[in-house]
Structures are given as C-alpha cells and as structure tokens.
Amino acid sequence: MSPKKKKSLKLAPGEFELLELFWSNGAMTIAQTHEKLLAKGRQLAYPTVQTRLNRLVEKKIIGKNGYYPAIYDAAVRQEDVSGAYFDQLESFCGGNIAPLMLHLAEKRDFQTSEIDALKKIIERYEQEKES
C-alpha cells in the first residue's frame, strides 16, 4: 500500500519564492520582504511585492496580522507546497527519481541532516511496502 499523498498547493514561481523567504527568515514586513528580494538580485518594485503578498493572504498561503506596519508570515508548511516546476521535474524524470538523486549527489555535498531525512523516507516506504 503506497502512502497517501496530501493535496499539494500549486504556486507560481514568484509565489513560491516569497514563501521560501518567509520559511527562511520568519515573519517580516513588506519593506523587509522587499529588501530581502533586492538582496537576492530581484528587481521588483515595492508595490509589486505588496500586491503579491496581499494575493497570497487572500489565498490563505501567507498570514497577515492587524498591526501597522503589517507583519506577514507563511501560513502553510514547506512540505505541503509544490510548485508547478516540481511537477515538471517529476515528468522530466519519467517518474524515476534515482537519476535525479544521483545528479544532485554528484553536484553538491548533502548535509548530514539531509542524508538522515532521506534514509527515514526510504525506511518508511520500505516498511509500508512490506505491510
């Protein structure tokens, strides 16, 4: 029996980029979010960032408090989100992720925590397959 897949959120790359900022940095104002994007080399206008954040609030993907200036934060967990490019990546691999993992392993060093997490995932799937 394969594990149940949760319905994942589909996000545009720009939306996913904003969420990644909140997952990495925690709660921020629009100005702080804008500064982080500029530091990453993204040349987005402040009103554009504000509009994107407010759209994500409407979708209940980003939370916003009632203070001034408003503080925004991720309202969804990282593991509950997949962008359209993740779906594309899976289709490029033809459902076989082993070559992708090999490529990643050869391109960069995995951190011990990543290796441990991957081992746990494999162990979980092996146990579910046996039962």
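The values are calculated or read from the model by the stated rules, or taken from the named source; none is laboratory data. Everything quoted here is computed from the prediction, not taken from an experiment. In this analysis, Cβ positions are derived from the backbone assuming ideal geometry, glycine residues included, and neighbour counts consider all displayed protein chains.
Applying a threshold of 7 Å to beta carbon distances and a minimum spacing of six or more residues, or different chains, the list of pairs starting in region 38-58 at a residue that is in the same structural domain as L18 (by TED's automatic domain parsing) and ending at one that is small (G, A, S) and modelled with pLDDT under 95 reads R52/G14. All of K120, K59 fail the test of being basic (K, R) and either surrounded by 12 or more Cβ atoms within 10 Å (Cβ to Cβ) or under 16 Å from the mean Cα position of the chain (by Cα) (or both), apart from K59. Residues being at pLDDT below 90, surrounded by 15 or more Cβ atoms within 10 Å (Cβ to Cβ), within 20 Å of L11 (Cα to Cα) and not aliphatic (A, V, I, L, M) are represented in region 74-89 by at least one member. Residues in region 21-31 that are without any contact (Cβ under 8 Å) to a residue 40 or more places away in the chain and surrounded by fewer than 16 Cβ atoms within 10 Å (Cβ to Cβ) were compared, and the one that is nearest to Q78 (Cα to Cα) is S24.
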